[in-house]
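Notes to accompany the following structure.
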Amino acid sequence: MKLPAWRNWSQVARRDLQFALLSLVLLAAVVLKYPAFAAPDNLAGVLDDTGILVMLALGQMLVILVRGVDLSVAANLALCGMLAALFNREFPDAGVLPVLLLTLVAGGLLGAFNGILVWKLRLPPIVVTLGTMSIYRGVIYLLSHGSWVNENEMSADFLGFTRAHFLGLSTLTWLALACAVLFIVALRRLPAARNLYAAGGNPEAAAYAGIEAGRMQFRAYVVCGAIAGLAGYLWVARFAVAYTDIALGFELQVIAACLIGGVAITGGAGSALGVVLGCLFLGIIRSSLPLVGISAFWQMFINGIVILAAVLLSARPQHRPRATLEAPR
Amino acid sequence: MPPLLTISGLHKSFGGVRALAGVDLELHRGSITALLGENGAGKSTLVKILSGVHQPDAGAIHFDGAAIRIPTPANARDLGIGVVHQECLVFDQLTVAENLFVNTHPRRAGLVDWQTVQRRAQAVLDELGADFGAQTPVASLGIAQKHVVQIARALVNDSRLLILDEPTASLSQRECAELFRIARKLRDAGCALLFITHRFEEIFELADRYAVFRDGVSVGAGPLGATGRDELIRLMVGRPVEQLFPKQAVQPGEVLLRVENLARDGEFEDISFSLRRGEILGIYGLVGAGRSELAQVLFGAERAHQGAIDGGGDIALVPEDRQSQGSILPFSIAANIALPNLAALAPRGWIGSGGERALAQQWIDALAIKAESPAQAVQSLSGGNQQKVVLAKWLARKPAVLILDEPTKGIDVGAKAAVHQVMSEFAGAGHGVILISSELPEIIAMSDRVLVMRRGRLRGEFTRTDATSEALLRAASDA
């Protein structure tokens, strides 16, 4: 097989391939025991459930690639979801397009706020986003005064967009698929994306190559935030309700999906395909465990084991001899 | 033909520390200039200025006849200045081809054109005669190969000036020969090369011009032909020895510490010496000679793989980097000094009230540490006073043997004299001191005996009378 030049193909691709096979084995095992799981409707439902996770994880991946983390994605999602719901309540006839634009821009701005703090003030990403996570949740309360926006206050367009089906798959699934394809291509072919890998892999060397690692972090946060904003609308429309606590704690699943998908928490390594597979793997586990009759507590337990196993598999020994002993010359 | 690069009167200070104080340098096309200087002479600062990382405070740089500024690394690249960094600044997670084109990706319709990347990378590697392909992951390359990657990167950026910053420090002889072959090839193609090294044999093998820095000032430059090794060494070390507290003469007592055939894989080997009561034993060598690694093994922070240490166990180490290794910066002076003395301060398992503070106050007075109170955080002190705190924390234990690794690096003259005085008194009181220093005047003035290390081995032992600058430098640098 001729290797493409763009990347450490063998290593990354081998991991993705192994992981895809593992996911298939898992799927096969579930289907063997519960053939109903393989019904098209059920599989479409699994994809539907996983779509938002896929989009969020791809955004999160960018941030982790440049040695950051975004704990505020779920809060960002909830805030933009509330904005979308309130906008729709005020202007029920405006259609879906303004809602999409509103959530993308609002989410991007929330991400930019994270990014500015990390880039310009050089604050640790985990601290920044831990703070903004609470702030964004707090703002939802201020906007909604603690009240819910329910299905009967949402227009038919607003609700119908995510639920429309095309070739058997929902708009949500198609959007996630589009995101996946876009990311897979962009991360390979976009110069800025390649610089993202460089900045995360070795910030000092990147600086000497004229790449400002902080600026790359900022951009990653903006994209991650914009996706979270869009996901906010999708979430609210799908579950037909907006309130302060939607998607509470979901950021941890998003980060877990990235790590299971092979993104190095130390930055600089990871593939979009791997992240998508990580999401599907989690999605299969999440939707099959109830069938098997395993409680939600065991789901968390199994999630944890999968994360640790994934990190263990991608851990590499790091030894560097310090001095320079060699044979006499 | 005028020089490709002319530097005149370059100044640069960091905080209060002067790194460059009027440096001049000329680099010619088709010529390899060796830059020499002791550790701290200002070579690294010059490299950082030429690569756009630091800005000079004063002085002029002319490149290809025009006065230039280099505000960012991208500007350096665009001018055609390439750097092979000593510490191998490459991207381990990317392939060789990708390393060469980071931030300069050839594009087609806004997207990276991987075919061109691959083709051009392979062409450059072939031109250099590299023994690895463009698709190899850089993580799997050796250090010498990573240097070649950096050179290849300079080539794809059409560099006309290539700076080699101590590239041979961790290369084998065969790898050096390979690197030199490539350097000559570039020289013959009309590049100007600046070659920084400590090894004299390499200078005479490769370079045709030389420049010497000392304490941030140019002290000599010209064609190498007529200049001998002794002349270069004289230029490098020829400075007045400023010493306020020379070591007082002490009759050495019994042996405190005996080291036999000590070795640690990849770091040092075959180290044997002894240390007597009342003695200051200097260990001189260049950066990377294995001295700090030896100190860490003697202290017990790392294990030896071979050999024996007789009389160890009561050893304290004041490590090289006082900020990351010597102290806990956000802690108070009192907490830092108390750290290795907690057992004494807390005989019943808890730290008695005031004990910490009293101990700290005692040492603040003894070493004249300039601080408002023992509660002041160490990070708010000046470098010299930080170093005194690190000294105090170990002196308070009254160890039999005290190892000091570069104890006066980057501190002012007054604090330096104080450290020397403490050292001298501590030895005079019947303890043993091992002084590791890259500063010749300090080693010569303070040591009763000097060992010289080079690339992990002992290369000479000098008595106080034999230890001249020239002799030590010669033993330390393959001269």
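Of the strands (runs of 3 or more DSSP E) lying entirely inside the stretch B:175-239, those containing at least 2 residues that are buried (at least 20 other Cβ atoms within 10 Å of the Cβ) span B:192-196, B:209-214.
The set of residues in the stretch A:243-252 being in a loop (DSSP other than H, G, I, E, B), of a type in the set (A, V, I, L, M) and within 14 Å of the chain's Cα centre (by Cα) consists of A:Ala247 alone.
Scanning the stretch A:199-219 for residues that are modelled with pLDDT of 95 or more and either within 7 Å of chain B (Cβ to nearest Cβ) or within 30 Å of A:Leu167 (Cα to Cα) (or both) yields nothing. So which helices (runs of 4 or more DSSP H) are wholly in the stretch B:367-479 and hold at least 2 residues that are among the basic types (Lys, Arg)? Ranges flagged: B:383-395. Looking at the stretch A:235-258, which of its residues are out of contact with any strand residue (DSSP E or B) (no Cβ under 9 Å at 6 or more places or on another chain) and surrounded by 24 or more Cβ atoms within 10 Å (Cβ to Cβ)? Those that are out of contact with any strand residue (DSSP E or B) (no Cβ under 9 Å at 6 or more places or on another chain) and surrounded by 24 or more Cβ atoms within 10 Å (Cβ to Cβ): A:Ala237, A:Val254, A:Ala257, A:Cys258. Taken together, the residues in the stretch B:124-145 that are buried (at least 18 other Cβ atoms within 10 Å of the Cβ), at pLDDT 90 or above and in a helix (DSSP H, G or I) amount to 3.
Run down B:Arg276, B:Arg322, B:Arg303 and say which single residue is basic (Lys, Arg), within 20 Å of B:Ser437 (Cβ to Cβ) and within 25 Å of the chain's Cα centre (by Cα). So the residue among B:Arg276, B:Arg322, B:Arg303 that is basic (Lys, Arg), within 20 Å of B:Ser437 (Cβ to Cβ) and within 25 Å of the chain's Cα centre (by Cα) is B:Arg322. Considered as a group, the residues in the stretch B:71-89 that are part of a loop (DSSP other than H, G, I, E, B) and facing chain A (nearest Cβ under 8 Å) include one that is farthest from B:Leu100 (Cα to Cα), and that residue is B:Thr72.
Among the conditions (1) within 30 Å of the chain's Cα centre (by Cα); (2) modelled with pLDDT under 90, the only one that B:Ala109 does not satisfy is (1).
Would you confirm whether any residue within the stretch B:52-65 is part of a strand (DSSP E or B), at pLDDT below 95 and under 29 Å from B:Thr116 (Cβ atoms)? Yes, the conditions are met somewhere in the stretch B:52-65.
Taking the stretch B:425-445 as the range and being crowded, with 18+ Cβ neighbours inside 10 Å and over 20 Å from B:Gly285 (Cβ atoms) as the test, the residues that pass are B:Phe426, B:Ala427, B:His431. Looking only at the stretch A:96-146, residues that are at pLDDT 95 or above, polar (S, T, N, Q) and closer than 26 Å to A:Asp157 by Cβ come to 1 in all. Residues that are within 14 Å of chain A (Cβ to nearest Cβ) and at negative phi number at least 3 in the following strands (runs of 3 or more DSSP E) confined to the stretch B:266-363: B:268-276. No other residue among A:Val46, A:Val25, A:Val30 is within 23 Å of A:Ala247 (Cα to Cα) and in a helix (DSSP H, G or I) apart from A:Val46. For B:Arg69, the criteria (1) among the charged types (D, E, K, R); (2) under 22 Å from B:Ala121 (Cα atoms); (3) free of Cβ contacts under 8 Å to residues at least 40 places away in the same chain hold in every case but one, which is (2). If you go through the stretch A:253-302 and pick out every residue that is in a helix (DSSP H, G or I) and in contact (Cβ under 8 Å) with a residue 24 or more places away in the chain, you end up with 27.
The values are calculated or read from the model by the stated rules, or taken from the named source; none is laboratory data. As the structure is a computational prediction, the values presented were derived from the model and not from experiment. FYI the Cβ positions are ideal-geometry reconstructions off the backbone, even for glycines, and counts take in every protein chain you see.
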